[in-house]
1. Specify which of the listed residues (B:Lys97, B:Lys112) is in contact (Cβ under 8 Å) with a residue 12 or more places away in the chain and buried (at least 20 other Cβ atoms within 10 Å of the Cβ).
2. Residues in the range A:59-73: is at least one free of Cβ contacts under 8 Å to residues at least 24 places away in the same chain and of a type in the set (A, V, I, L, M, F, W, C)?
3. Given the conditions (1) crowded, with 18+ Cβ neighbours inside 10 Å; (2) modelled with pLDDT under 95, report the number of the one that A:Glu54 does not fulfil.
4. Any idea how many residues of the range A:1-30 are more than 20 Å from B:His93 (Cα to Cα) and either part of a helix (DSSP H, G or I) or touching a Leu at 6+ places or on another chain (Cβ under 6 Å) (or both)?
5. Regarding the range A:103-111, can at least one residue be identified that is part of a loop (DSSP other than H, G, I, E, B), modelled with pLDDT of 95 or more and under 22 Å from A:Ile10 (Cα atoms)?
6. Inside the range A:62-89, can you point out the residues that are farther than 26 Å from B:Asn127 by Cβ and surrounded by fewer than 19 Cβ atoms within 10 Å (Cβ to Cβ)?
7. Restrict the check to the range A:53-76 and report whether at least one residue is under 14 Å from A:Ile6 (Cα atoms) and within 14 Å of chain B (Cβ to nearest Cβ).
8. Determine if the range B:121-140 includes at least one residue that is over 15 Å from the mean Cα position of the chain (by Cα) and surrounded by fewer than 23 Cβ atoms within 10 Å (Cβ to Cβ).
Amino acid sequence: MHELSIAQSILDIIVSNVPEDQLHYVRTVSLKVGKSSGIVPESLEFCFMAITAETNLCQARLNIEKIPFVIHCHTCGLEQENEVGSALCASCGSVDTTILSGTEMQFSEIELDEVA
Amino acid sequence: MSVITIERKVLEKNDEIAKANRDLFRQRGIYVLNMVSSPGAGKTSLLERTLAHLHGRLPVAVIEGDVQTDFDAQRVAKFGIPVVQIVTNGGCHLDAKLISDALQSLELTGVKVVVIENVGNLVCPANYDLGEEIKVVVASTTEGDDKPLKYPTMFRNAGVLIVNKIDLLPHLPSNIETLKKNALSINPKLQVFETSCTTDAGIAEWCEWLEKMCAKKP
């Protein structure tokens with residue numbers, strides 16, 4: 001259940017980037033989470049809600065963009081997506097591949113409503 | 001509506017501390033392993049066999065991570081080496097700050113290898129860089145040969161796979177070749193060792209590799 005400590009890291013980033021008197025205007029916190037990052041987006045959303053409930057960030061919600069796991073095969077040149085996080089080329093069976101995306105856990109932006 | 005753009009890793013703070021840990025280890029010429037596995041795969045037993053084999057050859061220090069108790073630190077302390085126990089009190093993984101704090105009470109003079117034995121868990125420790133040189137994932141034969149496919153993130157982030165409890169293979173339906181094939185399909189760069197802490201099979205090969213890696217350090 002490391003989503004809880006990841007939610008805490010997200011909270012820390014928000015608090016260090018938004019002035020304290022504007023925290024209650026935070027509405028959406030956007031993240032990019034790879035499908036093979038080992039993070040369950042729904043758990044992360046739940047944990048974030050749990051730790052921000054009854055705080056000045058209680059109206060903030062996570063907006064998680066799920067990034068597909070994509071590899072590039074150096075043997076046959078095929079760029080391909082797979083759901084299982086495999087480094088194996090589905091076309092030629094080579095393992096000489098590079099991961100292009102799908103393992104990231106990236107913060108992207110904070111949206112605030114009606115800043116005074 | 002106003003937008004603040006923050007393009008950075010969510011775990012950037014952890015990664016910064018991990019980098020400081022890594023810099024400290026490198027400055028001192030210490031090779032650091034982050035040992036991970038599911039609970040009961042045999043990390044502590046493997047560590048004990050490793051310490052026994054390396055005794056008098058390579059000075060090792062150990063950081064133990066457990067949810068509760070210092071049982072593992074007590075087992076390791078019998079080898080007369082520096083050891084510190086981190087009790088996470090429910091935390092499912094070690095992070096870089098816990099390691100940085102533990103280093104305050106770990107004697108590193110003369111030490112060439114630090115082994116961090118992580119909390120038994122194949123999910124959460126995968127995301128946390130501790131400042132190690134390499135992650136060593138231990139998978140035991142009793143866990144089944146499909147483990148790497150179920151926990152790809154951990155196997156992808158590791159540099160070494162130790163297949164432990166190979167003495168039990170004759171009694172199990174799992175196939176070690178399938179396990180290795182599955183692991184290499186996730187991470188073709190994995191260096192693979194096969195060990196038994198009961199018969200000591202493979203321990204010498206694993207320790208020889210570790211000594212070789214340490215010899216490369218300045």
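1. Unique residue meeting the criteria: B:Lys112.
2. At the first step, the residues of the range A:59-73 found to be free of Cβ contacts under 8 Å to residues at least 24 places away in the same chain are none.
No, every residue in the range A:59-73 fails to be free of Cβ contacts under 8 Å to residues at least 24 places away in the same chain and of a type in the set (A, V, I, L, M, F, W, C).
3. Of the numbered conditions (1) crowded, with 18+ Cβ neighbours inside 10 Å; (2) modelled with pLDDT under 95, the odd one out for A:Glu54 is (1).
4. Total satisfying the criteria: 13.
5. Within the range A:103-111, one or more residues are part of a loop (DSSP other than H, G, I, E, B), modelled with pLDDT of 95 or more and under 22 Å from A:Ile10 (Cα atoms).
6. A:His74, A:Thr75, A:Cys76, A:Gly77, A:Leu78, listed by residue number.
7. The answer is yes; a qualifying residue exists.
8. For the range B:121-140, residues over 15 Å from the mean Cα position of the chain (by Cα) and surrounded by fewer than 23 Cβ atoms within 10 Å (Cβ to Cβ): absent.
The values are calculated or read from the model by the stated rules, or taken from the named source; none is laboratory data. This is a predicted model, so every value here is computed, not measured. Note: ideal-geometry Cβ built from the backbone for every residue, glycine included; neighbour counts use all protein chains shown.
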